[in-house]
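Notes to accompany the following structure.
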Amino acid sequence: MSKFLDIRSLTVRFGGLTALNAVDLAADEGEFIGIIGPNGAGKTTFFNAISGMVKPTAGTLRFCGTDLTGAPPCVLAHAGMARTFQTPRVFGSLTVAENVQFALDFVGNVRRRHDSFAEAKSCGSLLERIDLGRYAHLHAGSLPPARQRQLEIAMALASHPRLLLLDEVAAGLTEAEVKAIAALIRELWGEHGFTVIWIEHAVNVLMRTVDRVAVLNFGAKIADGKPADVSRDTQVIEAYLGDKAAA
Amino acid sequence: MSPATALVFIAGVLLGALPAFEAPFAQSLALTCLMYAGLAVSWSMFSGPTRYLSLATSAFFGLGAYCTAWGLGKLPWPVVVMLGGCAAVAFAFLIGLITLRLRGAYFAVITYGLGELVKHTITHIEKTYFGTVGRVMTETPSSATVYWTVLVVAALAVWTYVAFGRSRWGHALRGIGMDEERAATLGVNPMRVKLLGFCLSSWFAGALGAAMAVRWTYIDPHTVFNPFIVFQTVLISMVGGPLTVGGPLIGALAFSLLSEFLRLSLPYLYMIILGVLLIVSVLYLPDGIAGYDWKKPWGKITRRKAQVEKP
Amino acid sequence: MNFYLFIDLVVAGLVTGGIYAVVALGLNLQYGLMRIMNIAHGEFLMLGAYFTYALVKVSGASPLWFIPPVMAALFLLGLLLHRLVFRRLAATSPNAEAMEARSLIVGFGLMFIAQNVAQLIWGGGMSGQPYLDEPVKLGEVTVAANRLLVLVVVAAASLALVLVLKKTLLGKAVRGMLQAPLGAMLVGIDTRVLHPACFGLGLALAGLAGGLLSMVYELTPAMGEPYTISALIVITLGGLGNIPGAIAGAILLGLVETFGMYFTSPSLKTLISYGVLVGVLLLRPKGLFAR
């Protein structure tokens, strides 16, 4: 039986720079995976390469059994991939509710119609779930970044995803907010059963929340396993703290 | 019904009845005004929300005009007008496939250039296959027919503009204008949506070209593919307000009047004034007159009250 | 084809390409630095040509005398335009895309203004007289003297520009701005001075090209448009901000057009040019010579 998500040898080269070097990642449906790595390790490039924003130089992506290597973002969205962005990309001149409605209209409810197990979701219920109800009629551009991140999660949820890619949702948040958002993600994951891949710099929170973590360094994957094992891996320690600390 | 709808209804009735008044000057003025209203509204349909500045309007208009030049007398009038629109759509589809992949500046320049290209092509065809430079328009329909045709096409353009803007496609176009990549990640197929918008807006320009062609007793590629047409269209839309309905309509009225009185007496100076006007409006009123937030000073106060509480 | 025809075509191609290079350099500076897509760029070439010709007609002296003052006048015009129009545009645009879109519309307006000013002053017909069009023998080959002159001046100007950009501090500042605008500002490069200056320089270069062309071809108010297109093609071929690439692209385009026109038909020139532009944009959007 083929894997739910099967990424093999994914490589991205920009001119002379190899941003991503033959990364493999295979996942079953419903896994909760974290991705960590020092700055410049290629984590966001990884997301960009699998979500259709950058064409991979080499390698394959199989999602739900179909080869979707290099497919454009709209195809991937309809296949069930949703993502958030490091710097939130919301439609600033639309209201919070209109942003979520956009996701519902163009991918979410379309996917739900084809999915016999799902019922159409309403904008209001989604906003309530993410605790954004009271901002529904405000312009998305006027929200502080933390709330825009929440909005992006609401939009991703509205897309009825089978795979959720979260890119540094905790950046710039206070410790309490980070814990809250981690808990929210874990809850949503539990409720919906989609696969989550979460890139994060706040390593501690991530390690406590996910079931499995992969580590990238200089574009290559150097570790992949349970958080406890990975945190003891010498290569990983070396990558973060230098080789003296590993010894 | 709202005051705006009532006004539109009354205007529509008056405009429709105009030919009965036997006032050729007023009718001619109204005709020009309706033509530009139709052109401006159909331009704003696509270029307004997506911010892809199309400069192909002259090409669409000219293609429609040549459908009339070639088809008049051989086909019934409504068919000729429809064909004019369809010829524009076919051209829009072809150039759209190529140019809609390109970024803003390139899109504008290439649509402009392709317009010039079509002009050269038609000139070449006319000379080589028909042995002529221009054509004399014979068997033209009555001026009342032309007037009503333009009125209907313009009204259709306005209705489509409003309906399309409210539809799913309209929202998709706006999403593309705000952040095309992001819209794609939310399921919008940018190429398909852009093509649809572009072709839809081109139909009206083509149909208007087909209808207006009979106004000139003699047409040649130079007259009907005149870049001034797209210039005036863009000017009206930008000054009036590219994202509103009322804007282009009011703009069309204002500029048609201005044109009537200045164009023949001071043609070059008139164009220079228009150019200056376009620049000034982009600099100081980027959303046009109708799009300007006249409530701005008040708006700032009310917006501060509604601002989100700081974390 | 025989050898002399070939040389003829090559020279014509190089002259055309050289003019394209000079015009494209100007546009490159404006678009690469400031995201100003000045689609009226060719119109300033046209104005440069007309001014030169007018001065020649009045004084009877050689156009070569008038090219420097015409360039200076256009430089000042560029400073004025930047101050009045583009600075405000940069300040009030919410993002880079809006700035591009708005500068496009402004350019469109400028195009109409410039063409109609020329029509108003000099009329819509063709004017101008060729200067120094006696043939000159270079070994086995005969070339018109004015074309040779244009080639020499254009080559000198391009070389001078490339040297200035590579060797002087000012040139390095400009290259820095082309590659990384924010970084350039952070290291103290004053864009408030350099932007208008580069904009003015761009226009002056267009004026140079126009003045040179007035020696060879006839003038019409619409003569500028094709050069804007060609300049855009050249920048696309060479890659944005890549000055040597633009020069190479210009020469290539000039040759392709000249040979293409000979083997197909002159009226297909526009089609060939656009074909090249669209082809490059679709296949190699970063340019043929991009690093």
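The values are calculated or read from the model by the stated rules, or taken from the named source; none is laboratory data. The structure displayed is predicted, hence computed values, not measured ones. Virtual Cβ from ideal backbone geometry, glycine too; neighbours counted across all protein chains shown.
Conditions (1) of a type outside the set (Val, Ile, Thr); (2) without any contact (Cβ under 8 Å) to a residue 40 or more places away in the chain; (3) in a helix (DSSP H, G or I), marked per residue:
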residue: B:10; (1), (2), (3): no, yes, yes
residue: B:18; (1), (2), (3): yes, no, yes
residue: B:25; (1), (2), (3): yes, yes, yes
residue: B:47; (1), (2), (3): yes, no, yes
residue: B:53; (1), (2), (3): yes, no, no
residue: B:64; (1), (2), (3): yes, no, yes
residue: B:82; (1), (2), (3): yes, no, yes
residue: B:86; (1), (2), (3): yes, no, yes
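Against the condition surrounded by 24 or more Cβ atoms within 10 Å (Cβ to Cβ) and either at pLDDT 85 or above or more than 18 Å from residue C:17 (Cβ to Cβ) (or both), how does residue C:211 come out, does it pass? Yes. Is it the case, given these coordinates, that residue A:118 is in a loop (DSSP other than H, G, I, E, B), more than 10 Å from chain B (Cβ to nearest Cβ) and in contact (Cβ under 8 Å) with a residue 24 or more places away in the chain? So residue A:118 passes the test. Per the conditions (1) in a helix (DSSP H, G or I); (2) within 14 Å of chain C (Cβ to nearest Cβ); (3) modelled with pLDDT under 90; (4) surrounded by fewer than 22 Cβ atoms within 10 Å (Cβ to Cβ), the sole criterion not satisfied by residue B:107 is (4). Within region B:178-202, the set of residues being small (Gly, Ala, Ser), under 21 Å from residue A:82 (Cα atoms) and more than 7 Å from chain A (Cβ to nearest Cβ) comprises just one member, B:183.
Answer with yes or no whether residue C:104 is modelled with pLDDT of 80 or more, assigned to a helix (DSSP H, G or I), surrounded by fewer than 20 Cβ atoms within 10 Å (Cβ to Cβ) and within 9 Å of another protein chain (Cβ to nearest Cβ). Steps first, please.
Working: modelled with pLDDT of 80 or more: yes; assigned to a helix (DSSP H, G or I): yes; surrounded by fewer than 20 Cβ atoms within 10 Å (Cβ to Cβ): no; within 9 Å of another protein chain (Cβ to nearest Cβ): yes.
Against the criterion (modelled with pLDDT of 80 or more, assigned to a helix (DSSP H, G or I), surrounded by fewer than 20 Cβ atoms within 10 Å (Cβ to Cβ) and within 9 Å of another protein chain (Cβ to nearest Cβ)), residue C:104 does not qualify.
Of the residues making up region C:25-40, those that are assigned to a helix (DSSP H, G or I) and either within 14 Å of another protein chain (Cβ to nearest Cβ) or over 8 Å from the mean Cα position of the chain (by Cα) (or both) are C:27, C:28, C:29, C:30, C:31, C:32, C:33, C:34.
For region C:235-259, the set of residues classified as surrounded by fewer than 20 Cβ atoms within 10 Å (Cβ to Cβ), in a helix (DSSP H, G or I) and at pLDDT below 85 consists of C:244 only. Those helices (runs of 4 or more DSSP H) of region B:173-266 in which at least 2 residues are farther than 27 Å from residue C:40 by Cβ, under 19 Å from the mean Cα position of the chain (by Cα) and of a type in the set (Gly, Ala, Ser), considering only elements entirely within it, cover B:190-212. Filtering region A:155-163 for residues that are within 30 Å of residue A:28 (Cβ to Cβ), outside any helix (DSSP H, G or I) and of a type in the set (S, T, N, Q) leaves a non-empty set. For region A:4-55, the set of residues classified as among the small types (Gly, Ala, Ser) and crowded, with 19+ Cβ neighbours inside 10 Å consists of A:19, A:27, A:34, A:37, A:41, A:42, A:49, A:51, A:52, listed by residue number. Every residue in region A:64-87 that is surrounded by fewer than 24 Cβ atoms within 10 Å (Cβ to Cβ), within 19 Å of the chain's Cα centre (by Cα) and either more than 13 Å from chain B (Cβ to nearest Cβ) or part of a loop (DSSP other than H, G, I, E, B) (or both), please. Selection gives A:64, A:68, A:69, A:70, A:71, A:72, A:80, A:85, A:86, A:87.
For region C:210-234, the tally of residues that are part of a helix (DSSP H, G or I), polar (S, T, N, Q), within 14 Å of chain B (Cβ to nearest Cβ) and within 17 Å of residue C:115 (Cβ to Cβ) stands at 1.
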